[in-house]
Amino acid sequence: MEVKFDGKRALVTGAGKGIGRDLAKALVKCSAEVFALSRTQEDLDSLVQEYPGIHPVQCDLADPEATKAAVESVGPIDLLVNNAGIIIQESFLDVTLDTFDKVMNVNVRSVMQVSQIVAKGMVERGTGGSIVNVSSLASKSAVKDTTSYCASKGALDMMSKVMALELGPHKIRVNTVNPTIVMTDMGIKVWSDPAKSGPMLARIPLGKFVEVDDVVHAILFLLSDKAAMVNGINLPIEGGFLTS
């Protein structure tokens, strides 16, 4: 199945590393004009060295004013992927208000803010569009020591459904992808110990963790006209974990 985005302008947040970085490159290969947003300038510099056609946008999404300026500066967007997110591990009894606010601000509030700016432009132009929010299986299955993260992804899933409900009449589709452990550089580092990964793998019928391309391909599908009647879903990417 070939996916093409000729003439489309795409914005990817959290594009400096991992899923966002590979997605930005995949979108270029699919003929989209890509704007890559990241907090880290060095990551953007190296991305542009690989793919000179990508437009870098440096911004810390925890800063609402900077976020507004950055997103408005890129102009009209047809395809939006809210991929940026943070996780801070603390046991429930040790979660601080500061930690909770930091995680919610990036994982939920910034998604709302970025999406509002982009969607208003889509509505004004009357051209429709597609938004994919990168959530997590942690919205559906509790993970120890990740109260703030799990709460943020649960909130993101429901916010995405409301977005789909309200933006659908404007021909704007909104969906989420919900992967389990993804083998990014960080994922490989954290889950390389068989003693830790073994029990988790035992709960996945396919017997393996998610690769970055598994998530990228799902996002490309949801962004594309191939998914023209897919709206308001949370797509688990987890090898059958939820069946156990």
Over 31 Å (Cα to Cα) - which of Lys25/Lys140; Lys8/Lys144; Lys29/Lys196 fall in this group: Lys8/Lys144; Lys29/Lys196
Sorted by chain and then number, the residues having a modelled amide H within less than 5 Å of the amide H of Val210, at least 5 places away or on another chain, are Ile181, Met183
Compute the FRET efficiency between Glu50 and Leu93 as 1/(1 + (r/R0)^6), taking r as their Cβ-Cβ distance and R0 = 35 Å, and round to the nearest 0.05. 0.20
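What shape does the range 151-244 take by its C-alpha gyration tensor, where a ≥ b ≥ c are the square roots of the eigenvalues and a/c under 1.5 counts as rounded, a/b above b/c as prolate, and the rest as oblate?
Prolate, since a/c reaches 1.5 and a/b exceeds b/c.
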Within 10 Å, count the other beta carbons around each residue, average over each peptide in 61-73, 177-189, and list them highest first. 177-189, 61-73
Cα gyration tensor shape for the range 93-139, rounded if a/c is under 1.5, else prolate or oblate: oblate
Residues listed by number, the range 150-172, amide nitrogen under 20 Å from Met1 label point at 7 Å toward C-beta: 172
Return the long-range amide H neighbours of Asp145 (sequence gap of 5 or more, or a different chain), with a cut-off of under 5 Å between placed amide H atoms. Phe92
Specify whether the C-alpha gyration tensor of the range 25-81 places it in the rounded, prolate or oblate class, a ≥ b ≥ c being the square roots of the eigenvalues: rounded for a/c under 1.5, otherwise prolate if a/b is larger than b/c and oblate if not. oblate
Note down the nm distance, to one decimal, between modelled labels 7 Å out along Cα→Cβ at Ala202 and at Leu242. 2.4 nm
For Val12, what charge total do you get from the other residues with a beta carbon under 12 Å from its beta carbon, if Lys and Arg give +1 and Asp and Glu give -1? +2
Could you give the angle, 0 to 90 degrees to the nearest 10, between helix 147-167's Cα long axis and the longest principal axis of the Cα atoms of the chain? 30 degrees
Rounded to the nearest 500, the 222 nm mean residue ellipticity computed for the chain from DSSP H runs (n ≥ 4, each -39500 (n - 2.57)) alone is -13000 deg cm²/dmol
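FYI, it's all coordinate maths here, none of it is from the lab. Quick caveat: nothing in here was measured; it's all calculated off a predicted structure. For neighbour counting, all protein chains shown are included, and Cβ atoms are generated from backbone atoms with ideal geometry for every residue, glycine included.
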